[in-house]
Amino acid sequence: MLNVSLLRRRRAGRIPLIDAVRGAALLAMFVFHLTWDFSYFGYLDSHIVFERGFGIFGDTIGSSFLGIVGASLVLAHAPKFRPRAYWRHLATIVVAAAAVSLATYVFIPDGFIFFGILHCIALGSLIALPFLFLHWWAAALAAVLAIAAPRLFVSPTFDAPMWWWTGLSTFEPHTNDYRPMLPWLGVLLCGLALMKIGDRLALRELLARWQPRSFFSRGIVFGGRHSLAIYLVHQPILFGLVSLLATIAPPQGESGDARFFSSCQAQCEGAGQPNPVCSAACTCLADELREQALWARTIANQLQTAERKHLGEMARSCLREKRRLNEE
């Protein structure tokens, strides 16, 4: 039977199995982003990243991370809350989220990450704090409300940019890695509620029994233990490697023109626009790019930051024009 001091040490320490689950989610995220990178440079069909299955895959990965965050709050701060550790960790997440926003604003201003998964984790961890001291059913009830909110409370009132983080606007903003508070706060609270139930059933001690034995399992645990640092650097590295590959061995198959129209059409229809409007808008955009001598660099993915921003403005202008003509 465990003595009290040993039990306290186990409660305060990391549980390798939790790190292993987080590490497995990282591996899935590598696959997700690598698929996106290969599609972006034309090695894969550009439609793949807009297909429902690929979206579900990404949402599953995001749900895994957020659920683990909720469970980890209980593991780290129950039964005794450790304020210094909590605020230090929260500050780290906030700084990392700000760094992601700044970097993406510089390099992809037209779709920069203003509220991605790190932003969701930071604010979600703050909102979840009171639930650490309440019964599990309070967190479970709040989780249900958060998950249902986008179906119940969506309103044009939240269409202003200052409210996009809520997830209650009538459209999805043009951004990358969009993880608004609703419904995603609900996933975090689900993890918290389940771990509070698990604590009643001595689940923590059961989880702590597993230890990594093989080289692979120890690597997965190491990755999960340093998931934030790996998250911040992995996509720039993967994107850079695929970009280098595209320079050395350009993708074969459909022409750059065909890839452009295929990708443009897929993105437009993925945003909910009808096929005729998308087809006309993409043709309009291609004509504009040719007139401004940007076509060759566009299909070769060689636009500079300012040119990419201008491309986004032209795309929105063409879409507005063709949508208006279609409605007349």
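The values are calculated or read from the model by the stated rules, or taken from the named source; none is laboratory data. Being a predicted model, the structure only gives us computed values, none of them experimental. All Cβ positions, even for glycine, are placed from backbone atoms using ideal geometry, and neighbour counts span all protein chains on display. These area figures cover heavy atoms from the full protein model, side chains too; ligands, DNA and RNA do not enter into them. Shrake-Rupley method; radii C 1.70, N 1.55, O 1.52, S 1.80 Å.
Among the residues that make up the stretch 169-178, is at least one of them touching a helix residue (DSSP H, G or I) at 6+ places or on another chain (Cβ under 9 Å) and either at pLDDT 95 or above or of a type in the set (Lys, Arg) (or both)?
No - not one qualifying residue is present in the stretch 169-178.
For the stretch 118-125, state whether one or more residues are farther than 30 Å from Leu201 by Cβ and at pLDDT below 95.
Within the stretch 118-125, not a single residue is farther than 30 Å from Leu201 by Cβ and at pLDDT below 95.
Being assigned to a helix (DSSP H, G or I), among the acidic types (Asp, Glu) and without any contact (Cβ under 8 Å) to a residue 40 or more places away in the chain is the filter here, so list the residues in the stretch 31-61 that pass it. Quick ask: steps written out before the conclusion?
Our first condition is that a residue be assigned to a helix (DSSP H, G or I); within the stretch 31-61, this holds for 31-40, 46-50, 52-61.
Those still in the list that are among the acidic types (Asp, Glu) too: 37, 59.
Residue satisfying the conditions is Asp59 alone.
Residue-by-condition table, conditions (1) open to solvent by 60 Å² or more (accessible area, probe 1.4 Å); (2) in contact with a strand residue (DSSP E or B) (Cβ under 7 Å, 6 or more places away or on another chain); (3) more than 30 Å from Leu17 (Cα to Cα):
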residue: Glu51; (1), (2), (3): yes, no, yes
residue: Asp59; (1), (2), (3): yes, no, no
residue: Ala76; (1), (2), (3): no, no, no
residue: Lys80; (1), (2), (3): yes, no, no
residue: Ala97; (1), (2), (3): no, no, no
residue: Val106; (1), (2), (3): yes, no, yes
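Inside the stretch 299-318, can you point out the residues that are more than 26 Å from the chain's Cα centre (by Cα) and surrounded by 15 or more Cβ atoms within 10 Å (Cβ to Cβ)? Even if it seems obvious, please write down each step before you answer.
Taking the stretch 299-318 first, the residues more than 26 Å from the chain's Cα centre (by Cα) are 299-300, 314, 317-318.
Within the stretch 299-318, Ile299, Met314, Cys318 meet the criteria.
Run down Ala160, Ala148, Ala142 and say which single residue is buried (at least 19 other Cβ atoms within 10 Å of the Cβ), among the hydrophobic types (A, V, I, L, M, F, W, C) and at negative phi.
Working: Ala160 fails: buried (at least 19 other Cβ atoms within 10 Å of the Cβ); Ala148 fails: buried (at least 19 other Cβ atoms within 10 Å of the Cβ).
Exactly one of Ala160, Ala148, Ala142 is buried (at least 19 other Cβ atoms within 10 Å of the Cβ), among the hydrophobic types (A, V, I, L, M, F, W, C) and at negative phi, namely Ala142.
Residues that are touching a Pro at 6+ places or on another chain (Cβ under 6 Å) and surrounded by 18 or more Cβ atoms within 10 Å (Cβ to Cβ): does the stretch 260-269 have at least one? Give the derivation first.
At the first step, the residues of the stretch 260-269 found to be touching a Pro at 6+ places or on another chain (Cβ under 6 Å) are none.
Scanning the stretch 260-269, I find no residue that is touching a Pro at 6+ places or on another chain (Cβ under 6 Å) and surrounded by 18 or more Cβ atoms within 10 Å (Cβ to Cβ), so the answer is no.
With the stretch 228-307 as the region, which helices (runs of 4 or more DSSP H) entirely inside it contain at least 2 residues that are touching a Cys at 6+ places or on another chain (Cβ under 9 Å) and at pLDDT 80 or above? Steps first, please.
Numbers: elements: 256-270, 275-291, 295-299.
Passing ranges, in order: 256-270, 275-291.
Go through the residues of the stretch 206-217 one by one and say whether even a single one is open to solvent by 40 Å² or more (accessible area, probe 1.4 Å), over 18 Å from Phe65 (Cβ atoms), at pLDDT below 95 and aliphatic (A, V, I, L, M).
Yes: the stretch 206-217 contains one or more residues that are open to solvent by 40 Å² or more (accessible area, probe 1.4 Å), over 18 Å from Phe65 (Cβ atoms), at pLDDT below 95 and aliphatic (A, V, I, L, M).
Kindly provide the set of residues from the stretch 272-283 that are surrounded by fewer than 17 Cβ atoms within 10 Å (Cβ to Cβ) and not hydroxyl-bearing (Ser, Thr, Tyr), ordered by number.
Passing the criteria: Gly272, Pro274, Asn275, Pro276.
Ile113 fails exactly one of the following numbered conditions: (1) surrounded by fewer than 20 Cβ atoms within 10 Å (Cβ to Cβ); (2) farther than 18 Å from Ile68 by Cα; (3) not charged (D, E, K, R). What is the number of that condition?
With respect to (1) surrounded by fewer than 20 Cβ atoms within 10 Å (Cβ to Cβ); (2) farther than 18 Å from Ile68 by Cα; (3) not charged (D, E, K, R), Ile113 is out only on (1).
With a cut-off of at least 1 residues that are within 17 Å of Ile127 (Cβ to Cβ), name the helices (runs of 4 or more DSSP H) lying wholly within the stretch 138-225.
On the way: elements: 181-200, 203-207, 215-225.
Per the criteria, 181-200.
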